[in-house]
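Trainee: What follows is a structure written as structure tokens; I'll ask about it next.
Each reported figure results from applying straightforward, stated rules to the coordinates on display, with no laboratory input. Keep in mind it's a predicted model, so treat the numbers as computed, not measured.
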Amino acid sequence: MRTGCLSPDEGRRQGGVHNEENFPTESPGAQAPTRIPLPDGDEGRPQGAGAPQGEGTQAPVRVTGRAAMVGRLKRRRDFLAAAKGQKAARRAFVLEARQRGDEEEPRFGFTVSKRVAKSAVERNRIRRRLKEAVRLTAAEQARPGHDYVVVGRRAALREPFSELTSALHGAMRQIRSDRDDARQGA
């Protein structure tokens, strides 16, 4: 005795799946349409109606003040040149500054080394906190024609943001006063 599938010939003889007698030749009759037709046109809003209350185009939002006029340092040589300038060290960062010799907008650069934080997540968090502190405070005090580099330290992760901004404010003042003292002494 054989077990398993039937051959096509055996299936036809026994009235199996391969037997053409089992397939109906006529359709079962009229079926309901699968799609319900809708009237033409869009009946969403009446013609000529304006935007709903509280929606529509908005006035553009512009950033004002000196914070919008701060450039970015991007080249390695600019970072190295700023490292040779004045420095103001704080617990959460070191601020380095140099005068470029032109009167264009001040530029800021940010760096956090792998020695400070092994994890890229932590380094980026330090960088974001320092960028925001610069945006809020130091951009007002930055002088045109100067480059500034903020070197992040690990303490920038734990330091409260208000203390971070006040430390940056103090570092900018220190660099400014050191530069003024150097001019008077020369």
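Trainee: Can you list the lysines whose alpha carbon sits under 25 Å from that of Lys84, skipping same-chain ones fewer than 8 residues off?
Mentor: Straight-distance partners of Lys84: Lys74, Lys114, Lys131.
Trainee: Between Gly85 and residues 5 or more places away or on another chain, which pairs have amide H atoms under 5 Å apart, with H built 1.01 Å from N, and which residues are they?
Mentor: Amide H to amide H, under 5 Å and 5 or more residues apart or across chains, Gly85 pairs with Ala97.
Trainee: May I ask you to compute the full-extension gain from Arg135 to Arg158, defined as 0.36 nm times their residue separation minus their alpha-carbon distance, rounded to one decimal in nm?
Mentor: Difference between extended and current length: 6.3 nm.
Trainee: Considering amide H positions built from the backbone, and no H for Pro or chain starts, which residues 5 or more places from Phe93, or on another chain, come under 5 Å of its amide H?
Mentor: Arg153
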